[in-house]
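Scroll down for the structure; my scribbles are underneath it.
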Amino acid sequence: MVNCEGQLYTMEGVAAAIIMVFTMYLVMSTATTYTPGDAHISDMQLEQLGNDALLMMNTPVSLGAESPLQTLVENNNNTAAAIAFNTTFLNYVNNKTGSATDNLHYMASVSYTNMTDNNATWDYPLASNRNLTGVEHPVRVTEWVLVNKQFPGDNMKEHRAALVEVFLWRD
Amino acid sequence: MIDDTANLSIDFLAGFTIFIVAFIYVATLIPGLLLGVQSGTIDYNAVAYRTGVILVEDPGSPVSWENPSIYNNYYLQTNPYSTRFGLALSKDSPNILSVQKVNRFFCSTFVYPADYRSRAVFGDYPYLFNISLQFTGANTTESIGDILPEGGYGYIRRVVQLKGWSNATIGKSTITALQQYSTANHTSTHIFWIHLNSTELLDGTNPACTNLQYQINPWQDQIMINLSDLNTTYNPNFPLTQANLSAISIYRAQQSQPFPNPLPAPIDSFPPDNLTTHAIPIYLYIDGNSTPVSTLPQNVTNSLSLTFSPGFFYLMGSNTNSQYDTTTQIYVSLTFNLTQPNWYLNNTYSPDGYFDYNYTPMYVTQCGLTPGVMEISVW
């Protein structure tokens, strides 16, 4: 025997389902922020470490001296400067208390204003111990450094601020 | 009799199924919703980060908490809510740590975890933690806290630099260049003066005066003077027989008052005071000996190293807070007695006057920075 009594049950089920899903959507969309797991914490730790390292490299070790970062950017045209940056930066970010060390990778570049190219922003690689392939999850840290050098593609040698940009990641 | 009373209709089954499917879907979302507020690791990481900021970027409170002349251990231990263990040199120089603050932070006087929890880690929850610090070239790691658990702890690593102390190494070349020896009087008693000019060190034109990481602060810093070639006389006709360091005296003068002649009474003298048991001790090492002597006089063959502990001169300033005293001048005299009269280390009548402990790198090794790393783990 077929009648129309069951129609009410269907309506109730659909209504309850819609109310529950909509309520849950409202609660979650207003009270939470989606993040990819806890990745932001390790990102924060890496960013802090990279920022600290660049800040310390940009601090002169004695009064009147250039900071190591300033010296390395001014002399980056030679391989020795790139090796020195590599050694200093990796020492800062990999050293831990005790005998164990970390194993971080980085790729550094320098951005600057090219005064002979309508103040366009140019950049060139500074140093790296591994190239980014696209599968890594790097963080980006930067440090402004005051230098006096003639940058590639620029005919003028003047004091100016250059931005040292480092991508830093852990395998 | 058979009828259809107990049968479930297709419509009811459809509605009930939709409801159950939706209910299961919502139920599976709930753990994800609570994940953020239930994760202990997230909280521990936040506390570790906060502790790192306090230790590395904050100079602490009260100002000069590291100076035992001002705040003794009893004060720091009985005022938990007015003390913060920041290790930075100043708020304007983050990541540059004060060696005096580091030494006091890791001293054995403070008790783990109680003294540190309310002064560095904070929070209502009784966190356990481990804080370690190591500098390049150091053989040991400074550490306080528990052994790390297997996992489940918050962590932060900070790169820092430690401001070192200045020191003056005065040998024959410096003595000759600055004419710090006497040829005017062929006597047995010679006095060598060292001048700590707070005006020049703290309020002068040198950029170091305003850069705390390079500043020499006589009121707060450790002051070290190394004298070498003490077996040398400056009269080639009279070789040295025996030199004896008989006294060390501290004098004070105001900037507006040139150093008075005759001398006033010293504000501190050794003897009669004892060097190593002084409230803020002096460490005097003779001829490379690794054990400091505690009393004077002492025979000297070739060299001596004189170290005034940090804060030694603090209470000798004229201001209430002499950390910023730029008017008071400190003079340190070292009196040598020779067994036979001779020309010797003596700048009393030198045309260059006293040996100035200042920002000239040729004569005074300036404060340097040593890189290091700090790790903080909280659980």
- Query: at positive phi, modelled with pLDDT of 85 or more and surrounded by 13 or more Cβ atoms within 10 Å (Cβ to Cβ), is that true of B:Asn95?
  - Reply: yes
**Message:** Within region A:85-98, does at least one residue satisfy the condition of being at pLDDT below 90, within 14 Å of chain B (Cβ to nearest Cβ) and within 25 Å of B:Val160 (Cα to Cα)?
**Reply:** yes
Of the residues in region B:287-314, those that are touching a residue at least 24 places away in the same chain (Cβ under 8 Å) and β-branched (Val, Ile, Thr) come to B:Thr295, B:Val300, B:Thr301, B:Thr307
Going through region B:126-148 in order, the residues found to be in a loop (DSSP other than H, G, I, E, B) and either of a type in the set (D, E, K, R) or farther than 11 Å from B:Val373 by Cα (or both) are B:Pro126, B:Tyr127, B:Leu128, B:Gly137, B:Ala138, B:Asn139, B:Thr140, B:Asp146, B:Ile147, B:Leu148
Restricted to region B:53-65 and to residues being at pLDDT 85 or above and of a type outside the set (Val, Ile, Thr), the residue nearest to B:Val121 (Cα to Cα) is B:Leu55
Filtering region A:45-63 down to residues that are assigned to a helix (DSSP H, G or I) and either more than 7 Å from every other protein chain (Cβ to nearest Cβ) or at pLDDT below 90 (or both) yields A:Leu46, A:Glu47, A:Gly50, A:Asn51, A:Leu54, A:Met57
When every residue in region B:55-74 that is among the hydrophobic types (A, V, I, L, M, F, W, C) and surrounded by 21 or more Cβ atoms within 10 Å (Cβ to Cβ) is compared, the one nearest to the chain's Cα centre (by Cα) is B:Trp65
Okay, strands (runs of 3 or more DSSP E) sitting entirely in region B:268-379 with 3 or more residues that are within 14 Å of chain A (Cβ to nearest Cβ), I get B:369-378
Can you say whether B:Phe336 is more than 20 Å from the chain's Cα centre (by Cα), aromatic (Phe, Trp, Tyr) and surrounded by 15 or more Cβ atoms within 10 Å (Cβ to Cβ), as far as the supplied structure shows?
yes
Residues of region B:127-172 being of a type outside the set (S, T, N, Q) and free of Cβ contacts under 8 Å to residues at least 12 places away in the same chain, in sequence order, are B:Glu150, B:Gly151
Among strands (runs of 3 or more DSSP E) entirely inside region A:64-166, those with 2 or more residues being out of contact with any Ser or Thr (no Cβ under 9 Å at 6 or more places or on another chain) and touching a residue at least 12 places away in the same chain (Cβ under 8 Å) are A:104-114, A:139-150
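The values are calculated or read from the model by the stated rules, or taken from the named source; none is laboratory data. Bear in mind that the values here come from a model prediction, so they are computed numbers and not experimental data. Positions of Cβ are generated from backbone atoms using ideal geometry, with glycine treated the same way; all protein chains shown enter the neighbour counts.
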